[in-house]
Amino acid sequence: MSAVLTVDGLSVSFAGFKAVDGVSLIIEEGELRVLLGANGAGKTTLMDLISGKTKSTQGRVHLRDTDITNWEEPAIARAGIGRKFQIPSVFRELTVRRNLEVAGCGKPGVLANLRFGLPRAARRRLDEVLHLTGLSDEAQTVAGTLSHGQTQWLELGLLVMQDPKLLLLDEPTAGMTAAETLRTADIIKSLRGSHTVIVVEHDMAFVREIAQRITVMHLGQVLAEGDMASIESDPRVRAAYLGSKGIH
Amino acid sequence: MPGKRTLDYAAYAAFIGLILCAPLVLEEFWLNRIAKFLVYGLLGVAIALSWGYAGILNLGQGLFFGLGAYMMAMSLKLASPTSLQQGSATPVPDFMLWNAEPGAKTDLCCINHGSFLWTPFQNPWFGIAMGVLVPVLVATLIGWVMFRKRISGVFVSIIMLALVLLVRLVVIDAQPVTNGFNGLTDLGNLVVFGVELDPYEVVTYYVVAGALALALIATRMLVETRAGLILQAIRDDQNRARYLGFDVPLYQVFFFAVSAAIAGVAGMLYVVVAQFASPTFMDLSFSITMVVWAAVGGRASLLGACIGAIGINIIEARASETQALVQAWRAVIGLIFVLVVLYLPRGVAGFASDAADAVLSRLGRKRPPAAQSAEERVAS
Ligand SMILES: Nc1ncnc2c1ncn2[C@@H]1O[C@H](COP(=O)(O)OP(=O)(O)OP(=O)(O)O)[C@@H](O)[C@H]1O
Ligand SMILES: [Mg+2]
C-alpha cells in the first residue's frame, strides 16, 4: 500500500486563532477515512487547506509524490483531488445529465473543449454514475428542482465522474432523512477500494455503517486515530465530546 | 413526434429562411431599414451569449459596437469622393482640412499629430480586420483583468458601463482624429471583391443577412460544444467549476471576446448600411437598449434575443409612422420591458419554449408510455 495523501504539520490561523493546528495525516490508497469532531473542530478548514480554498501558514500537503501545498484550486483539482461542499453545490440551471457531462469533460482548457459530445468512455461512465446515484430517472431534470437529498447525490456523482485520486466529502448526509442517509452510505461504500475517500460526518449511525479508520479532531488538532471500537473507548475522545455534545 | 431540439433547430431554419427571402417582398427603403435591424439582431446574439450563457451582464456592449463601427468608418471615410479629391497623394478626410493648422501639409501622414493613424485604413481590409481585432483585444484585456480578480455580477456591469462612457469621452475629445462629437459622415461605399456595397442595393442586405445567419449558426454550435457547456456551468456555480479543475477566467475571457467580436462585426455592418459612425453608439442609453431587446426576446436564447432586437425595432419603426405614438414610444417600450421582467423572466423565447414543452407533453401523453420513453431516449 502506498500513501495517496500525506499531510504534514498543517496549520492555519485566522487573526491569531489556530483553526487547524499542526495536523498530520497519511491516507492510504483505496482507504475510506472518516473525520470526526465537534462543531468548530476544524474539519472543514482542514479540507479547505487540502483543496486550496484556504492557504496554509505552515506544513505541507503531498498528493502521492507531488507537493500541492497552497496551489490554486483548479490546479489541485487537476492533480487529482475532488471536493464536495458542506452546502451542496451543483449547476442548478443544467439538467442532471449535463451536470455530469461537465464533470466528465476531462480536459481543462477552452480550446481542447471546442468539440461536441463526450468521449465514448466518459459517456459509458455517465450512465454508471446515474445508476450509482439513483438519478437515472432524473437525467433530464433541471438540477435546481431536485430534492435536497438528490442534490447531494448529484454532487457526489459529479465527483465520481471527475474521477479524482482522492475525494473529500464534507458532511454528505447533512439534512438527509434516515432512508436517504442509508442510500448515501451505500454510494460511499461502493466507492471504497476503487477510490480513496476522506469523509466528514456527524451522524454516528452513518459512521458506524461505513467507517474503517477514524480520525478525531479537536480544537484544530488530531486527538485520536483508530478503528471504531478503539475510538469509542478512548477516554480522551470521551472527555472532548463530553465538553461539547457527546458522541452518540 | 418531433423532439424539443428538432423544434428548436426548425425555428433557426425558419428564421434564417425568412430573412433570406425578405428581399422578394420588401422594397428598397424597407430593405435598408430591415438590414439595420438585422444588425441589431446581431447585437442581440452578442448579448445573449454573454448574459444568458456566461452570466455576464455587460452594460457596455456599445463599446465593442462603437469600436467596430469606427474602424470600418475610417476606411470608408478615406474611400469617399470628398476625401479622395483633396488634391494630395493620399485621401484626406474633410474635417481634418477644416481644422488644420495653417501651413500643415495636406497629407494623411502629417496634417495633424494623430492623422498618421489613419494611413493603414486606406486599405479597406485593414479596416475590416481592425473592426474585429480591436474589440476582441480590448475585451480580452479587460476580461483578463476582471475575471482573474474574480470580479463578477453587478461589478462587471458597472466597470463596463464606466468604460464605455470613458471611451466615448475620449472619442469626442480626440476631435482632430475622430471628428469628435460629429462622428464620421459622408462615407464612401465598401467595395469587397469588386462588389460595391451600396446601402440601398439588395446585395448589401444579403451581406448583412448572411452575416447574421452565420453568426447565429456559429454561436449556436459554439455553445453546444463542451466548452459552451462548461461556460454555462461556470455561470451557474463558478466555485463548483473551479473545484472540477476548470480555469474559470479562461472560459469567461474567451466567450467575452467572442461576444465582443460579434458586436464589432455588428458595428462594421451598421456603418456599411447606415453610412455614418457616431459617438452616440457609445451612449449609455444604446447599451442599455440592447440589453432590453435581449431581455424581451429571451436572454437565454440566442435566437430569442436576436428576434427580440429585430421585433422591437420593427414595432418602433411602425409606431413612429403614427405621430401620436412617436412621443409615447419610450413609455411603451419601458412598459413592455417591465411586463416581460415581471411575467416572462425568460423573455418571449422562454415563453415559446414552455409552450412547446406543454404541447409536446400533451402529444406524448396520448401515446402508450413505453413507446414514448423509448423515443425520448433516442432523442436525448
Ligand atoms: N475564514 C475564517 N476566518 C475566521 N475563522 C474561521 C474561518 N474559517 C473557519 N474559522 C473558524 O475555525 C474553526 C473551525 O471551523 P470549521 O468550519 O473547520 O469547523 P468544522 O469542524 O467543520 O465544524 P462543523 O462541524 O460545524 O462543520 C471555527 O471556530 C470557525 O469559526
Ligand atoms: Mg464543517
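The values are calculated or read from the model by the stated rules, or taken from the named source; none is laboratory data. Note that the structure is predicted; figures quoted are calculated from it, not measured. Glycine also receives a Cβ, built like all others from the backbone with ideal geometry; neighbour counts cover every protein chain displayed.
Tell me, which helices (runs of 4 or more DSSP H) lie completely within segment A:114-195 with 2 or more residues that are touching a residue at least 40 places away in the same chain (Cβ under 8 Å) and within 14 Å of chain B (Cβ to nearest Cβ)?
Details: elements: A:120-132, A:148-162, A:178-191.
Helices (runs of 4 or more DSSP H) meeting the threshold: A:148-162.
Of all residues being touching a helix residue (DSSP H, G or I) at 6+ places or on another chain (Cβ under 8 Å) and within 8 Å of chain B (Cβ to nearest Cβ) in segment A:63-84, which is farthest from ligand 2 (Cβ to nearest atom)? Just the residue, please.
Selected residue: A:P74.
Restricted to segment A:85-113, and to residues that are touching a Ser or Thr at 6+ places or on another chain (Cβ under 8 Å) and of a type in the set (A, V, I, L, M, F, W, C), which residue is nearest to the other protein chains (Cβ to nearest Cβ)?
A:V90
Tally time: how many residues in segment B:273-323 are assigned to a helix (DSSP H, G or I), more than 21 Å from B:L335 (Cβ to Cβ) and of a type in the set (D, E)?
0
Please work out which one of (1) small (G, A, S); (2) modelled with pLDDT under 95; (3) surrounded by 16 or more Cβ atoms within 10 Å (Cβ to Cβ) is the condition B:G180 fails and give its number.
Unmet condition: (3).
Give the number of residues within segment A:91-105 that are touching a Lys or Arg at 6+ places or on another chain (Cβ under 9 Å) and assigned to a loop (DSSP other than H, G, I, E, B).
4
Being in a loop (DSSP other than H, G, I, E, B) and near ligand 1 (Cβ under 9 Å from one of its atoms) is the filter; apply it to segment A:30-45 and report the residue that is nearest to A:R83 (Cα to Cα).
So in segment A:30-45, the residues in a loop (DSSP other than H, G, I, E, B) come out as A:30-31, A:38-42.
If we keep only those that are near ligand 1 (Cβ under 9 Å from one of its atoms) too, we end up with A:38-42.
Numbers: A:A38: 21, A:N39: 20, A:G40: 19, A:A41: 19, A:G42: 16 Å.
Top of the filtered list is A:G42.
Which pairs do you get when a residue that is over 13 Å from A:L35 (Cβ atoms) and more than 16 Å from ligand 2 (Cβ to nearest atom), found in segment A:215-240, comes within reach of a residue that is of a type in the set (D, E) and in a helix (DSSP H, G or I), reach meaning Cβ atoms under 9 angstrom, with the pair 6+ apart or on two chains?
A:R238/A:E232
Could you grab the pairs with beta carbons closer than 8 Å, sequence gap of 6+ or different chains, first residue in segment A:34-57 and away from chain B (no Cβ under 14 Å) and farther than 22 Å from B:Y243 by Cβ, second one more than 7 Å from ligand 1 (Cβ to nearest atom) and basic (K, R)?
A:A38/A:K245; A:N39/A:K245
Could you count how many residues in segment B:210-265 are among the hydroxyl-bearing types (S, T, Y), within 12 Å of chain A (Cβ to nearest Cβ) and surrounded by 24 or more Cβ atoms within 10 Å (Cβ to Cβ)?
Of the residues in segment B:210-265, 2 are among the hydroxyl-bearing types (S, T, Y), within 12 Å of chain A (Cβ to nearest Cβ) and surrounded by 24 or more Cβ atoms within 10 Å (Cβ to Cβ).
Looking at A:I81, A:I76 in this structure, which one is surrounded by 23 or more Cβ atoms within 10 Å (Cβ to Cβ), away from ligand 1 (no atom under 15 Å from the Cβ) and under 23 Å from A:I210 (Cβ atoms)? So that I can check it myself, show each step before the final result.
On the way: A:I76 fails: under 23 Å from A:I210 (Cβ atoms).
Going through A:I81, A:I76 in turn, the sole match is A:I81.
Under 6 Å by Cβ, and 6 or more places apart or on different chains, what pairs join a residue from segment B:113-133 that is buried (at least 20 other Cβ atoms within 10 Å of the Cβ) with one that is of a type in the set (F, W, Y)?
Going by the 6 Å Cβ cut-off, the qualifying pairs are B:G127/B:F121.
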